[in-house]
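Contents: one structure, followed by commentary.
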Amino acid sequence: SKNVNVTQKLKLTDEQQNAFNAVSKKIDNSEYKQFLLYGVTGSGKTEVYLQLIDKVINKNKSAIVLVPEISLTPQMLNRFMSRFGKEKIAVLHSKLSIGERHDEWEKIKEGKAQIVIGARSAIFAPVKNLGIIIIDEEHDSSYKSEASPKYNAKEVAKKIAEEMKIPLLLVSATPDLTTFYNAKETKKIELLELT
């Protein structure tokens, strides 16, 4: 079968499983909640959110994954493609030609691509049945657009997640101070820590 090269999920550690379960519950109950998945590089944050994406897809929903433009490397994309297959993924970044961008948007609009990976503007993708939004390297300054129209992709993501009643997962080894404060002090964001 053509899925031979699809990589299998890894068994989660207890900490990863707890983080997965917390977000998973919100997916099942169609509830909005902001989470911060916090842990050093190599602590297994990506595996947690890959399995959450897997869950969302199995419920016939979609996922948006925002990453800093600079992180959209072939290596990073390969990890997604080997897990979910190329057909299910649309990639949006600034290097796309107008034609390529149009093709990706069509793929998303028609519901063919259930996973949208891209830099900040991907938050506006016409996704069908959104089930989760993930913002990787959430501390990265590139999520704020200085050009007109000025917008902050994190703020937009929060509004969409609230409206759609889905979880918003912020991921970082070095969270933004505001994010960290809201996770530690005000508890507006639920902290999921991987040590």
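The values are calculated or read from the model by the stated rules, or taken from the named source; none is laboratory data. Note that this is a predicted model, so its numbers are computed, not measured. Glycine gets a Cβ as well: all are built from the backbone with ideal geometry, and neighbour counts include every protein chain shown. Keep in mind that these areas ignore ligands, DNA and RNA; they rest on the heavy atoms of the full protein, side chains included. Shrake-Rupley method; radii C 1.70, N 1.55, O 1.52, S 1.80 Å.
Of the set (1) open to solvent by 50 Å² or more (accessible area, probe 1.4 Å); (2) under 27 Å from Glu163 (Cβ atoms); (3) in a loop (DSSP other than H, G, I, E, B), all apply to Lys95 but (2).
Does Leu50 satisfy the condition of being modelled with pLDDT under 95 and either open to solvent by less than 90 Å² (accessible area, probe 1.4 Å) or farther than 21 Å from Ile135 by Cβ (or both)? Give the steps one after another, and end with the answer.
Values: modelled with pLDDT under 95: no; either open to solvent by less than 90 Å² (accessible area, probe 1.4 Å) or farther than 21 Å from Ile135 by Cβ (or both): yes.
When the stated conditions are applied, Leu50 does not pass them.
Restricting the range 107-146 to residues that are open to solvent by less than 60 Å² (accessible area, probe 1.4 Å) and assigned to a helix (DSSP H, G or I), the residue that is farthest from Asp28 (Cα to Cα) is Ser142. For the range 147-188, give me each residue that is of a type in the set (Asp, Glu) and surrounded by 13 or more Cβ atoms within 10 Å (Cβ to Cβ). If the condition is that a residue be of a type in the set (Asp, Glu) and surrounded by 13 or more Cβ atoms within 10 Å (Cβ to Cβ), then Glu162, Asp176 are the ones that fit.
Can you say whether Ala147 is in contact (Cβ under 8 Å) with a residue 24 or more places away in the chain and farther than 20 Å from Tyr32 by Cα, as far as the supplied structure shows?
Values: in contact (Cβ under 8 Å) with a residue 24 or more places away in the chain: no; farther than 20 Å from Tyr32 by Cα: yes.
Here the answer is no, as Ala147 does not meet what is asked.
Right, Ala22: within 20 Å of Leu169 (Cβ to Cβ), under 17 Å from the mean Cα position of the chain (by Cα) and assigned to a strand (DSSP E or B) or not? It is false that Ala22 is within 20 Å of Leu169 (Cβ to Cβ), under 17 Å from the mean Cα position of the chain (by Cα) and assigned to a strand (DSSP E or B).
Of the numbered conditions (1) of a type in the set (A, V, I, L, M, F, W, C); (2) within 27 Å of Lys11 (Cα to Cα); (3) part of a helix (DSSP H, G or I), Leu36 fails exactly one; give the number of that condition. Of (1) of a type in the set (A, V, I, L, M, F, W, C); (2) within 27 Å of Lys11 (Cα to Cα); (3) part of a helix (DSSP H, G or I), only one is false for Leu36: (3).
Among the residues of the range 20-45, those identified as surrounded by 17 or more Cβ atoms within 10 Å (Cβ to Cβ) and hydrophobic (A, V, I, L, M, F, W, C) are Phe20, Ala22, Val23, Ile27, Phe35, Leu36, Leu37.
Taking every residue in the range 166-177 that is touching a residue at least 40 places away in the same chain (Cβ under 8 Å) and pairing it with any residue that is among the polar types (S, T, N, Q) and open to solvent by 30 Å² or more (accessible area, probe 1.4 Å), at least 6 positions away or on another chain, the pairs with Cβ-Cβ distances below 6 Å are Ala173/Thr41.
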